[in-house]
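Shown next, in structure tokens, is the structure this report addresses.
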């Protein structure tokens, strides 16, 4: 399956969904006005990916900031990974800058709410 | 969680004053290159959003560039930490005219020379001004701070009007120099005098500046809100805040949610350009007060009231639980609404939200919201 790569802008994150390299990354800032529209191609891609996923999927969230509209879409990605983990190996990393209590507590929040293990990584 | 002591009445007063104008935009503080660039694109974007003609836009833009360069050139790194000594930039649209005001500290020793230059420029007619520009360009050695008055001549030429100016004493050595320009939107070749009206308008800016200093207001934006203006405003405030990362991020967070509320929910706007509203931010002893004001439909007022009152009543644990619950409530999940904005604002500010809603007419009310972050 072809990788989905979306370059970052000043209000949307960089997206890398690359099964060949087992590289799944969401990084930088996510504060689009219309989060549903931005995340739509990501969910379309993921829905195809789930038909023939890697043995191991390693998904790394490396966000500096996200707005509430994006929070809901990130929750949906995590729920997707939770589902994928039923029959496949899934590793979720939540990376945050040292001193960034905000992103750290978001990671902690998701780790409590999602039934797939989320490793918090200080970078 | 504590309660904040911000003065919402004062905020409302400011809203009311500014509502009469279609656009006004004030920045007060340090003028870095990045901040200056964003001030320019924010103003430019808004000229476009209010449907200004390209001729007027160009003239306003070039005067803004010269004015901002004047401030950055004369900005003294040693003095800008004092709140009454930071530069100020103001653009307003009143009826058929734009007004641009710049203010910066200058050494008192330069007042006589500067006054001479300004009076000379004001005494010249259009053609003479063009000639004078060439003269100055050829004769004077360019000082290391650039200029030699060329910027002033350029501004006078572009505005088509005389330059209003004033000095206010700040210390024994320094004065504050105000430069105030009027740009007519209608075609009018004759240069107007710095008449009573312009001087009155400069006087009102000086009065406003006093209040801004007292309240330590960093920025006021009264204009059209869309995603572009939001990004510009964020970048300006980010550049301004040298405070520690967590406070900065919380201010950033709240600002995004408050401004996107205007972008998505406010009334009286258009889909193409955005919604009218006002935003201003002040800082005192590391307490940041963020204020927004916008129109809401009368039919939505009750629902809005209920939502805010509800999140205000919750303690931190309940707020977190409510946030989590809303995060998984996919019944509310559209391009307009995630159901999380107000909860997030309340959580991140750790203070109760202050608001007022006042009826404007049969269709709309004015909604003012204030959040304190410390």
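Among bridges DSSP assigns within the protein assembly as shown, what percent are antiparallel (round to 5)? Walk me through the numbers before you get to the answer.
Details: 76 of 96 bridges.
Once the DSSP bridges in the protein assembly as shown are tallied, antiparallel ones form about 80 percent.
Taking Cα centroids, how far is the stretch B:23-42 from the stretch A:1-73 in Å?
33 Å
Computed over the Cα atoms of chain B, what is the ratio Rg over Rh, Rh following Kirkwood?
Values: Rg = 22.3 Å, Rh = 22.1 Å.
Computed over Cα atoms, the ratio is 1.01.
According to the Cα gyration tensor, what semi-axes, each the square root of 5 times an eigenvalue, does the equivalent ellipsoid of the stretch B:244-373 have, listed from largest to smallest in whole Å? List each step's numbers first, then the result.
Details: eigenvalues 103, 72, 42 Å².
Three semi-axes, in Å: 23, 19, 15.
Rounding to the nearest 10 and keeping the result within 0 to 90°, find how far the Cα-based axis of helix B:316-327 lies from the longest principal axis of chain B.
Computed tilt is about 90 degrees.
For chain B, what relative contact order do you get, as a whole percent, if you take Cα pairs closer than 8 Å and at least 6 residues apart? Spell out each step's value before the answer.
Details: 583 pairs, mean separation 69.2, N = 374.
Over chain B, the number comes to 18 percent.
Neighbouring Cβ atoms within 10 Å as the yardstick, rank B:102, B:317 fewest first.
Details: B:102 26, B:317 8.
Ranked by crowding around the Cβ, least crowded first: B:317, B:102.
Within 10 Å of each residue's Cβ, count the other Cβ atoms and sort B:357, A:25 from fewest upward.
Numbers: B:357 17, A:25 20.
Final ranking by Cβ density, sparse to dense: B:357, A:25.
From a point 7 Å beyond the Cα of residue A:82 in the direction of its Cβ, which residues of the stretch A:95-123 have a backbone N at a distance under 14 Å?
Hits in the stretch A:95-123 for residue A:82 at 14 Å: A:109-118.
Quick one: if you stick a label point 7 Å off each Cα along the C-beta vector at residue A:119 and residue B:206, how many nm between them?
Roughly 6.6 nm, to one decimal.
For the stretch B:163-287, restrict the atom set to alpha-carbon positions and state the Rg and Dmax in Å.
Spelled out, the Cα radius of gyration and Dmax of the stretch B:163-287 are 18.5, 54 Å.
If you take every DSSP beta bridge whose two residues both sit in the stretch A:1-101, what share of them, in percent to the nearest 5, is antiparallel?
On the way: 8 of 21 bridges.
Of all bridge pairs located within the stretch A:1-101, approximately 40 percent are antiparallel.
Tell me the angle of helix B:150-159 to the major Cα principal axis of chain B, expressed in degrees between 0 and 90 and rounded to the nearest ten.
Between helix and principal axis, roughly 70 degrees.
For the protein assembly as shown, report the translational diffusion coefficient in µm²/s to the nearest whole number, using Stokes-Einstein at 25 °C, 0.890 mPa s, and a Kirkwood Rh over Cα pairs. Please report the intermediate quantities before stating the final value.
Values: Rh = 24.9 Å.
Taking Rh from Cα pairs, D becomes 98 µm²/s.
In Å and on Cα atoms, what radius of gyration and Dmax does the stretch A:4-122 show?
In order Rg, Dmax, the Cα atoms of the stretch A:4-122 give 13.3, 39 Å.
To the nearest 10 degrees, how steeply does helix B:33-49 sit against the main Cα axis of chain B, on a 0 to 90 scale?
80 degrees
Averaging over every viewing direction, what projected area does the convex hull of the Cα atoms of the stretch B:23-224 cover, in nm²? Provide the component values of the computation, followed by the final result.
Working: hull surface 44.5 nm².
Averaging across all directions leaves 11.1 nm² for the Cα convex hull.
Please arrange A:39, A:49 by how many other C-beta atoms lie within 10 Å of their C-beta, fewest to most. Working shown, then result.
Values: A:39 24, A:49 18.
By the 10 Å Cβ count, ascending, the order reads A:49, A:39.
If you take the beta carbon distance between residue B:168 and residue B:270 as r and set R0 to 30 Å, what does 1/(1 + (r/R0)^6) give as a FRET efficiency, to the nearest 0.05? List each step's numbers first, then the result.
Numbers: r = 41 Å, r/R0 = 1.35.
Efficiency computed from Cβ-Cβ geometry: 0.15.
When the chain is fully extended, how far beyond the present Cα-Cα distance does residue B:32 get from residue B:113, taking 0.36 nm per residue of separation? The partial results should precede the final answer.
Numbers: separation 81, 0.36 × 81 = 29.16 nm, distance 2.69 nm.
Extra length available between residue B:32 and residue B:113 comes to 26.5 nm.
Would you work out the relative contact order for the stretch B:244-373, in percent, from Cα pairs under 8 angstrom that are 6 or more residues apart?
On the way: 183 pairs, mean separation 40.0, N = 130.
Reported relative contact order: 31 percent.
Each reported figure results from applying straightforward, stated rules to the coordinates on display, with no laboratory input. As the structure is a prediction and not an experimental result, all values here were calculated from the model. Cβ: placed from backbone, ideal geometry, glycine included. Neighbour counts: every protein chain shown.
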